[in-house]
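Input: a single structure, listed below in structure tokens.
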Amino acid sequence: MKCRVCEGQNIKCVWEMLGHTPSKQLFKQKQEQYCQWDMRLNACEQCGFLQISEPLSAKVLYANYLFPTSWKLHPHAKSLLARLCELAPSGSKICELGCNDGAFLYELQSALASEVAVGIEPSKDVYTLAKDRGLNVINDFFNLSLADSLCSQYGSFDVIYSRHVFEHIEDLASFLEGIKKLCHKQSVVMIEVPNCQNAIESGDISIFWEEHLSYFTPAHLIYTLEKYGFSIMESREYEFSGESLVCFARVRESGDSKNIESMDFTSHFAPYTQAALGFSHIATKRLDSLLSIMQSIKAQNRSILAYGGGA
């Protein structure tokens, strides 16, 4: 195994859930046969990136997703729409990777008066919802091969983006090379992911979910985008599903002096490595403290009501 971000070879398990049952494994009636899987969260000892190195098959996870985007409010969506409209001209060709039920793509297509707006969505259920909005959606996983096909049909795009999709991707290289394939030199790229920095530092295991293969901090997302040839224009953070991190970028020009190889890698990622490798210790203390509080309440014959279980 190697790190999904820096390709370091030293990976250490910092949390595990043995015999885990995927959260969206739903049946109409009781069944004896269901999927169980040993889910392990690993930390890179070189850069401190937290990741699930051996995930379940994407086809198992996303064949029927049953999780439409529109089920909850996205209060920062208006801010993202406004910024994309500032960065891209009216009539821009747009492509959303992992468009889900098409809610954001529909709004952006209208805001930019786009004649060409393409969504990519591998999950059949939400793909159907997006098609019902009248959107042009392809039911497939995005990678370099699909990018070649899109370019043959549409040429390059002015705006390419994904919202809370990148953390689900196992092969980051193919995904980002595919995005580059869709770009011209002025294309705007927007990547939005959960910002896991505070959760990692506080030992919050509720972020740990079988669908999220990568747990990005701002430093790791920026490093990954720059590593694969993008130049960061700006980054923003929002309160959404915990914390949300958004990077706006363009393909780096050949004359750009930005070179991540010249960075002091060890010192740059040292705080993240320390936090990631200490995750198990901090998480255990957090759980022990919570258990102690609950035991105290129970001893007083008081009631405990729990709502929600994180991811």
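The values are calculated or read from the model by the stated rules, or taken from the named source; none is laboratory data. Here the structure is a predicted model, which is why all the values come from computation and not from measurement. Every residue, glycine among them, receives a Cβ derived from its backbone with ideal geometry; neighbour counts consider all protein chains shown.
Here are some residues: 105, 146, 97. Which one is on the phi < 0 side of the Ramachandran plot, in contact with a Ser or Thr (Cβ under 8 Å, 6 or more places away or on another chain) and not basic (Lys, Arg)?
On the way: 105 fails: in contact with a Ser or Thr (Cβ under 8 Å, 6 or more places away or on another chain); 146 fails: in contact with a Ser or Thr (Cβ under 8 Å, 6 or more places away or on another chain).
The match here is 97.
Go through 115, 177, 167 for me and flag whichever is of a type outside the set (Val, Ile, Thr) and touching a helix residue (DSSP H, G or I) at 6+ places or on another chain (Cβ under 6 Å).
Values: 115 fails: touching a helix residue (DSSP H, G or I) at 6+ places or on another chain (Cβ under 6 Å); 167 fails: touching a helix residue (DSSP H, G or I) at 6+ places or on another chain (Cβ under 6 Å).
Testing whether each residue is of a type outside the set (Val, Ile, Thr) and touching a helix residue (DSSP H, G or I) at 6+ places or on another chain (Cβ under 6 Å) leaves just 177.
Residues in region 275-291: is at least one touching a strand residue (DSSP E or B) at 6+ places or on another chain (Cβ under 7 Å) and in a loop (DSSP other than H, G, I, E, B)? Step through it out loud before you land on a result.
Within region 275-291, the first condition is being touching a strand residue (DSSP E or B) at 6+ places or on another chain (Cβ under 7 Å), and the residues that meet it are 276-277, 279-280, 283.
Retained after the next criterion (residues that are in a loop (DSSP other than H, G, I, E, B)): none.
The answer is no, given that none of the residues of region 275-291 is touching a strand residue (DSSP E or B) at 6+ places or on another chain (Cβ under 7 Å) and in a loop (DSSP other than H, G, I, E, B).
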Open item on the list: Testing residue 124 on (1) in contact with a helix residue (DSSP H, G or I) (Cβ under 8 Å, 6 or more places away or on another chain); (2) more than 20 Å from residue 187 (Cβ to Cβ), one condition comes back false. Which one is that?
Closed with: (1)
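Quick check on my filter: what residues within region 107-166 are touching a residue at least 60 places away in the same chain (Cβ under 8 Å), assigned to a helix (DSSP H, G or I) and surrounded by fewer than 16 Cβ atoms within 10 Å (Cβ to Cβ)?
Start the filter on region 107-166 by keeping residues that are touching a residue at least 60 places away in the same chain (Cβ under 8 Å), which leaves 122-126, 129, 141, 154-165.
Keeping just the survivors that are assigned to a helix (DSSP H, G or I) gives 124-126, 129, 154.
Within region 107-166, 124, 154 meet the criteria.
Taking residue 205, is it in contact with a Phe, Trp or Tyr (Cβ under 7 Å, 6 or more places away or on another chain) and of a type in the set (A, V, I, L, M, F, W, C)? Steps first, please.
Working: in contact with a Phe, Trp or Tyr (Cβ under 7 Å, 6 or more places away or on another chain): yes; of a type in the set (A, V, I, L, M, F, W, C): yes.
For residue 205, the condition - in contact with a Phe, Trp or Tyr (Cβ under 7 Å, 6 or more places away or on another chain) and of a type in the set (A, V, I, L, M, F, W, C) - is met.
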Task: Leading residue by the ranking (farthest from residue 163 (Cα to Cα)) among those in region 187-227 that are among the aromatic types (Phe, Trp, Tyr) and at pLDDT 95 or above - done: 223
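Residue 27 - would you say it is part of a loop (DSSP other than H, G, I, E, B), over 22 Å from residue 246 (Cα atoms), among the aromatic types (Phe, Trp, Tyr) and modelled with pLDDT under 95? Break it down into steps so the answer makes sense when it comes.
On the way: part of a loop (DSSP other than H, G, I, E, B): yes; over 22 Å from residue 246 (Cα atoms): yes; among the aromatic types (Phe, Trp, Tyr): yes; modelled with pLDDT under 95: yes.
Judged against the criteria, residue 27 is a match.
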